Amino acid sequence: MADIKDYFYDYADKRIAVLLSGGVDSSVVVYEFARLGLHPDCFYIKIGPEEAEEWDCSSEEDLEMATAVAAKYGCRLQVVDCHKEYWQQVTKYTMDKVRAGYTPNPDVMCNRLIKFGAFDEKVGHDYDLIATGHYACTETIDGEKWLATSPDPVKDQTDFLAQIYDWQLRKAVFPIGRYMKEEVRAIAEREHLVNAKRKDSQGICFLGKINYNDYIRRYLGENPGDVLEFETGRKIGTHRGLWFHTIGQRHGLGFGGGPWYAVKKDMAANVLFVSKGYEPLTAYKKDFKIHDFNFLTRNPWAGEPSVRVTFKIRHTPEFHNATLETLGPGSFYIHSDDLIQGVAPGQFCVIYDERHHLCIGSGEIFC
């Protein structure tokens, strides 16, 4: 496994921006550069939805941690306010998708639109490289830069990066991507970083401790409708809004005599269909379409009607084997070897090579 010292000559003459969140991962990124004798400029991105302070994720503690780490290594820290951009782009994307009955991923779009997007427009364009604390690697093959998986299968975050543009990938650097999480923690404790024992953030970044459904309710309200058994059409109960449910959901449905799984939404009729039993087949799919595919570097299979790949549709350590069939530009059909639970329109299907080493990109599931 390559050490950061192997990249010294790549970094020495570059202007480097580090996105410093206040968490342990991005803090160790700063240390990694400091041990090369480099002092990159650090940036804390302030984001959050449109409204009030109570909904803002940029906590004082985050900024205090980031300030302490930057000062420890003699780096300049600047706060970059991307609050409006987050609302206008990421939050709007999220609400538009859930209103239409889809299952969005705000954190995926935050990387494309904010961390490597709005930040670059405001400040990052003055820098050659943008470094983050993502668990991911990059490889240069025949002069082309590719996104590669981290050796830590649990923490690997290539799926969250699979929608960034090719020019964003060319600027991206992930100095801790070659480490296991416990190694990053060990470095932070050895170097006495102020946040060495701080817990990792969970869930959507801007929500903090706020319940996701409460957040959706604040902007979209409620829209009650019927819940019907998929196989029989029998009414089971009512829902408060289809946007509070996702395909494959089991927990939180609140109906007796189950377990029940959400298996289909009829947006026009405002009906949620559920299926009863333990892991019913109606909750699974083997074949589904993806469209608007984003290639991180390029299409390595151009001209081939079908190829063997691996993929995932949610952030888990497991990869699934499949045949990827080309339908047209940016449009593919996934033929999975195994039944996949909870395939929902709007989710991103992330495609990897057959060894699940290189991340090729991702497209939106279209059922």
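The values are calculated or read from the model by the stated rules, or taken from the named source; none is laboratory data. Fair warning: this is a prediction, and the values are worked out from it, not measured in the lab. Note that each Cβ is placed from the backbone with ideal geometry, even for glycine, and that neighbours are counted across all protein chains shown. For the accessible areas, the whole protein counts, side chains as well, though only heavy atoms, and no ligand, DNA or RNA atoms are used. Shrake-Rupley method; radii C 1.70, N 1.55, O 1.52, S 1.80 Å.
Couple of notes before you dig in:
- Solvent exposure of residue 13, expressed as accessible area, is near 120 Å², computed with a probe of 1.4 Å over the protein chains only.
- Only helical runs count toward this figure. For the chain, summing -39,500 (n - 2.57) over DSSP H runs of n ≥ 4 and dividing by all residues gives -5000 deg cm²/dmol at 222 nm.
- Distant-in-sequence amide H partners of residue 228 (H built 1.01 Å from N, under 5 Å): 236, 272, 273, 274
- According to the Cα-based calculation, Rg over Rh for the range 217-367 is 1.04, with Rh computed by the Kirkwood formula.
- For the range 279-307, the residues whose amide N sits under 13 Å from a probe point set 7 Å from the Cα of residue 144 along the beta carbon direction are 295-304.
- Each residue of the chain gets 145 Å³ once the volume of the Cα convex hull is shared out per residue.
- For residue 36, residues with placed amide H under 5 Å, excluding near neighbours: none
- Each peptide among 78-88, 316-326, 125-135 gets the average number of other Cβ atoms lying within 10 Å of its residues, and from highest to lowest they stand as 125-135, 78-88, 316-326.
- Gaussian network model of the chain, Cα within-10 Å springs - most flexible of 267, 65, 180: 267
- For the range 336-347, the Karplus equation 6.51 cos²θ - 1.76 cosθ + 1.60, evaluated at θ = phi - 60°, returns couplings of 6, 5, 10, 5, 10, 7, x, 6, 10, x, x, 5 Hz by residue, with Gly and Pro reported as x.
- Near residue 195, once Lys and Arg are set to +1 and Asp and Glu to -1 for all other residues with Cβ below 12 Å from its Cβ, the sum equals -2.
- Segment residue 199..residue 232, full-extension length gain: 7.3 nm, with 0.36 nm per residue of separation and the alpha-carbon distance subtracted.
- Beta bridge orientation in the range 14-152: antiparallel %, DSSP, nearest 5: 30
- Nearby lysines by direct alpha-carbon distance to residue 265 (threshold 16 angstrom, same-chain neighbours under 8 apart not counted): 97, 235, 276, 285
- Restricting the range 250-355 to trypsin sites (Lys or Arg not before Pro) in coil, as DSSP defines it, with at most 15 other Cβ within 10 Å: 298, 355
- The range 88-136: C-alpha gyration tensor shape, a/c 1.5 cut-off, then a/b vs b/c: oblate
- Where labels lie 7 Å past Cα in the beta-carbon direction, separation of residue 10 and residue 321 in nm: 3.2
- In the elastic network of the chain, a GNM with C-alpha springs shorter than 10 Å, the most mobile of 295, 230, 116 is 230.
- The listed residues 290, 236 rank as 236, 290 when sorted by accessible area, largest first, using a 1.4 Å probe.
- Subtracting the Cα-Cα distance of residue 268 and residue 189 from their residue separation scaled by 0.36 nm leaves 23.0 nm.
- The range 197-300 - share of DSSP beta bridges that are antiparallel (%, nearest 5): 75
- Ranked order, 39, 245 - accessible area, probe 1.4 Å, largest first: 39, 245
- Counting every C-alpha pair in the range 260-322, the share spaced more than 18 angstrom apart comes to 60%.
- Antiparallel DSSP beta bridges within the chain, percent to nearest 5: 75
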